[in-house]
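Notes follow the structure.
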Amino acid sequence: MQVRRFLLFGVAGRLCACDLDAVREIVPARAATRLPGAPEWVRGLINLRGTLVTVVDLAVRFGSADGAAGTRSIIVAEAAGKTFGIGVDEVRNVQSVAEDALEGVDAQRAAGGIIRGLAHVGIARAETALVVDVAEIVRQALVL
Amino acid sequence: MSLDPSRYAELFRTESREQLSAINRALLLLEQGGDAAEPISVLFRAMHTVKGMSATMGYHAVAEFAHELESVLDRVRRGDQLLAPDLMDALFASADALETAIDEGSEQAGQTPAMVAALQRLRDVAGGSSTSEFPGAPTKETGALVEVAVADPLDGPGVIVRVRQAADAMLPGVRAFMAVQRVRALGEVAAVNPSLDALQASAVPISFAMRVVTTASVDEIEHAVRSAGDVAFVEVDVSGRTRRESRSTIAVVAEGEEVTRASARSTRHVRIDLARLDALMNLIGELVITRGRLLQLTASNPDPALDESMQMAARLVSDLQTEIMTMRMVPVWQVFDRFPRLVRDSARALNKDVTFVVEGKEIELDRSLLDEIGEPIVHLLRNAIGHGIESPAERAAAGKPRAGRLVLSAARDRAAVLIRVSDDGRGIDRPRVLARARALGLVDEGTREVDDDALFRLIARPGLSTAEQVSDLSGRGVGIDAVQVKTRALGGSVELKTVAGEGTTITIRLPITLAIVRALLARSGTERYALPLTHVRETLEYDRDVVQHVKGKPVLVLRDEVLPLLDLRDVVRQRAAPFAGGPNREIVVIERGDRKSGLVVDELIGQQDIVVKQFDAARDGLALFSGATILADGAPALIMDVGSLFEGT
């Protein structure tokens, strides 16, 4: 059976997952420079070893009351030809997920298209993670 | 030949392009009339060089073509052929065909259709070539090498350079030719023995000697020869050179031999891939940022020894940065040189009479900027010829000289370079533009007047063209739009001045370099923004005396002017209090063309060189920024495109 590898992370108390293939690295959260006019969930620019990377905050996007207060890590990802950062509260681990543990992936969308389904993960698939579509995040956050 | 000559193809193309540029310049000179002797001999030499180089490369079709042109020119030079206008046209067409063939690197045996057509035209006008058994016996030596025909060609002023090629030399003919070319960059090659044609034709390694009038050192000459490759032995005999002799000969060369001098100038340089320079520039950028951080660190940990080393390192980084910036600078003539030809062709196609003047050719600009700005200038020149300058009859009726005057100039203005295209044509028809704009709903129904700035914004909109007829050359007014977009992308701005019946001037203002710009760092609340000095006129303290209110709006009273006042907090949509004047704030006077405005900031942190970096624009983000930079503390700061602040006002 087909197995897909996901990076698991937490955002505003929710367990989330994204395709590991899209992830380039994980760096600690740092101050970002605001981009005037941009949507609120676009946190701004960070300096990633001399390169400017636009970072979005998933917690803000999900409408968390605390906003980006809990953001401690930035997942640097590549999608749609862009490198960008996703601010998350904590990064958990990498898990292989069998196809039959995915639910509604690419059939159901939530959170304005950013959530593309559910993955049942952990021991005995006891936990459920929201599968995040990184390419869709880029499309919604940046001018392509 | 067994060796693939493609390694030399790029060198061949680069050098041929230089020759073609000389050919086009000479043709234009010829067409303008005056003394034909000098341009003809320049043409002749350049054509001869192209012929030699293409034959050496095995591009026989190109060589044959150049040979035909050379023989026509020879007849003109001897006075057997009259330089009629139709011959001029045929020569221009031939130069174009030659250029295309060289760009395509025509190693194929046949001639391109353009070459065949151009040859046919030449023959129709000037009759066939009288000596067309090329590539048979070496043709008569001409141009720069014509003085060879003395008893012993090596007898005379200058140094004697003897060269023996390695026994296993590949393409000995090419190598020998290249060795002579390299030496030519150091001075005048007065004689070659055996002759250059014989050298080029050589299929076996060969020994040869040349007499060179030069002030270059023995080492330089030897190095030049060896750089051609496959050289076993070089000897430079300076016994024939005396100080006085070489000096005076060089002076003569400098006056008469423009082509030789031009090629000497360019071949003395090393050609570097622009990508390498970019990479170097990026590294320097990182170094500049790191320096800033180190300086902060040492300031917080006082230690005299560390401090001294740090200051030294900081100075070295500055010097290195200056060096590399200078390396990237090239004079604008490298791009401007192709415009006279373009103007001539456009003017003829549209039956206009145009005198074209280029000023400030020596002004330098960053290489990557110069590459980018060529296309917009072409648009502006074509617009001026197509729409600005009237037909000769129309001009005469208006009491103007029949020939329109078109000026392309480059000039430095503080931290900017101004490139200006100016014509003395009919000017932009304001009522017509306004009528179109009203019809398209771009302006209010009642609008009857527009200033130059508003007019420019109107004509820069795609689809609003005022041309009576849509011509091939100038398109449908998309030109101005493209110029505007391109210039903005380069961190510059475009200004327009037009007077009905008197002409139009369009000025492109560019930063001198793209990669590193000098900027003012301004604080607004907790945020910092960089304001490039390109558009900054002056700064002053916020003071009740200079700020007044007109109709409830704050304005800046600066000497005799009343300028609108913007608050950076509003501009960047900070949620803090709205306009808050008062002490401790400062005002930056920004300008674009004749328009000035005051920008109120919380604090001016200082001036510094910033490294411009691009970033991915966020959706709905304000289009106010030309890039971003990384400050000394590692945080990114946005670079404001100051010119765009005038768009909304």
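The values are calculated or read from the model by the stated rules, or taken from the named source; none is laboratory data. Predicted model only: the values in this text are computed from it and were never measured. Cβ placement follows ideal geometry from the backbone for every residue including glycine, while neighbour counts extend to all protein chains displayed. The protein model used for the area step is the full one, side chains on, heavy atoms only, and it has no ligands, DNA or RNA in it. Shrake-Rupley method; radii C 1.70, N 1.55, O 1.52, S 1.80 Å.
Do we find that B:Val335 is farther than 30 Å from B:Gly285 by Cβ and modelled with pLDDT of 85 or more in this structure? Give the steps one after another, and end with the answer.
Numbers: farther than 30 Å from B:Gly285 by Cβ: no; modelled with pLDDT of 85 or more: yes.
Here the answer is no, as B:Val335 does not meet what is asked.
To keep it simple, each residue is scored yes or no on (1) assigned by TED's automatic domain parsing to the domain that holds B:Leu631; (2) surrounded by 20 or more Cβ atoms within 10 Å (Cβ to Cβ); (3) in contact (Cβ under 8 Å) with a residue 24 or more places away in the chain.
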residue: B:Val494; (1), (2), (3): no, yes, yes
residue: B:Val499; (1), (2), (3): no, no, yes
residue: B:Val547; (1), (2), (3): yes, no, yes
residue: B:Lys551; (1), (2), (3): yes, no, no
residue: B:Val557; (1), (2), (3): yes, no, no
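Filter region A:72-90 down to the residues that are at pLDDT 90 or above and out of contact with any helix residue (DSSP H, G or I) (no Cβ under 7 Å at 6 or more places or on another chain) and list them by number.
A:Arg72, A:Ser73, A:Ile74, A:Ile75, A:Val76, A:Thr83, A:Gly85, A:Glu90 - these are the residues of region A:72-90 that are at pLDDT 90 or above and out of contact with any helix residue (DSSP H, G or I) (no Cβ under 7 Å at 6 or more places or on another chain).
I'd like to know if region A:92-101 contains one or more residues that are modelled with pLDDT of 90 or more and in contact with a Gly (Cβ under 8 Å, 6 or more places away or on another chain).
Yes, some residue in region A:92-101 is modelled with pLDDT of 90 or more and in contact with a Gly (Cβ under 8 Å, 6 or more places away or on another chain).
If I filter region B:594-611 for residues that are facing chain A (nearest Cβ under 10 Å) and at pLDDT below 90, do I get at least one hit? Break it down stepwise before answering.
If we filter region B:594-611 for residues that are facing chain A (nearest Cβ under 10 Å), which is where we start, we get B:611.
Add one more test, that the residue is at pLDDT below 90, and what stays is B:611.
Yes, the conditions are met somewhere in region B:594-611.
Anything in region B:384-414 that is buried (at least 17 other Cβ atoms within 10 Å of the Cβ) and closer than 20 Å to B:Gly593 by Cβ? List them, or say none.
B:Ala384, B:Gly388, B:Val407, B:Leu408, B:Ser409, B:Ala410 - these are the residues of region B:384-414 that are buried (at least 17 other Cβ atoms within 10 Å of the Cβ) and closer than 20 Å to B:Gly593 by Cβ.
Within region A:96-141, track down each residue that is more than 15 Å from the chain's Cα centre (by Cα) and either within 14 Å of another protein chain (Cβ to nearest Cβ) or touching a residue at least 60 places away in the same chain (Cβ under 8 Å) (or both).
Across region A:96-141, the qualifying residues are A:Ser96, A:Val97, A:Ala98, A:Glu99, A:Asp100, A:Leu102, A:Val121, A:Glu127, A:Thr128.
Answer yes if at least one residue in region B:8-26 is assigned to a helix (DSSP H, G or I) and over 26 Å from the mean Cα position of the chain (by Cα), and no otherwise.
no
Could you figure out which of (1) within 15 Å of B:Gly503 (Cβ to Cβ); (2) under 18 Å from the mean Cα position of the chain (by Cα) isn't true of B:Ile419?
Among (1) within 15 Å of B:Gly503 (Cβ to Cβ); (2) under 18 Å from the mean Cα position of the chain (by Cα), the lone unmet condition for B:Ile419 is (1).
Restricting attention to region A:24-47, and to residues there that are touching a helix residue (DSSP H, G or I) at 6+ places or on another chain (Cβ under 8 Å) and assigned to a strand (DSSP E or B), which single residue is nearest to the other protein chains (Cβ to nearest Cβ)?
It comes out as A:Val42.
Scan region A:48-75 for residues that are surrounded by fewer than 23 Cβ atoms within 10 Å (Cβ to Cβ), over 15 Å from A:Ala31 (Cα atoms) and in contact (Cβ under 8 Å) with a residue 12 or more places away in the chain and jot them down.
A:Val60, A:Phe62, A:Ser64, A:Asp66
Checking the conditions here, which among A:Ala69, A:Ala65 is more than 13 Å from chain B (Cβ to nearest Cβ), over 12 Å from the mean Cα position of the chain (by Cα) and outside any helix (DSSP H, G or I)?
Only one candidate qualifies: A:Ala65.
Answer yes or no: is there a residue in region A:13-23 that is under 19 Å from A:Arg116 (Cβ atoms) and in a loop (DSSP other than H, G, I, E, B).
No, that holds for no residue.
Go through the residues of region A:15-24 one by one and say whether even a single one is more than 11 Å from the chain's Cα centre (by Cα) and surrounded by 18 or more Cβ atoms within 10 Å (Cβ to Cβ).
no
Select from region A:81-95 the residues that are more than 10 Å from chain B (Cβ to nearest Cβ) and over 12 Å from the mean Cα position of the chain (by Cα) and list them in ascending order.
Our first condition is that a residue be more than 10 Å from chain B (Cβ to nearest Cβ); within region A:81-95, this holds for A:85-95.
A:Arg92, A:Asn93, A:Val94, A:Gln95 - these are the residues of region A:81-95 that are more than 10 Å from chain B (Cβ to nearest Cβ) and over 12 Å from the mean Cα position of the chain (by Cα).
In region B:320-358, which residues are out of contact with any Phe, Trp or Tyr (no Cβ under 6 Å at 6 or more places or on another chain), in contact (Cβ under 8 Å) with a residue 60 or more places away in the chain and of a type in the set (Val, Ile, Thr)?
Across region B:320-358, the qualifying residue is only B:Val332.
Just need a number here: residues in region B:317-351 that are open to solvent by 80 Å² or more (accessible area, probe 1.4 Å) and within 30 Å of B:Arg405 (Cα to Cα).
5
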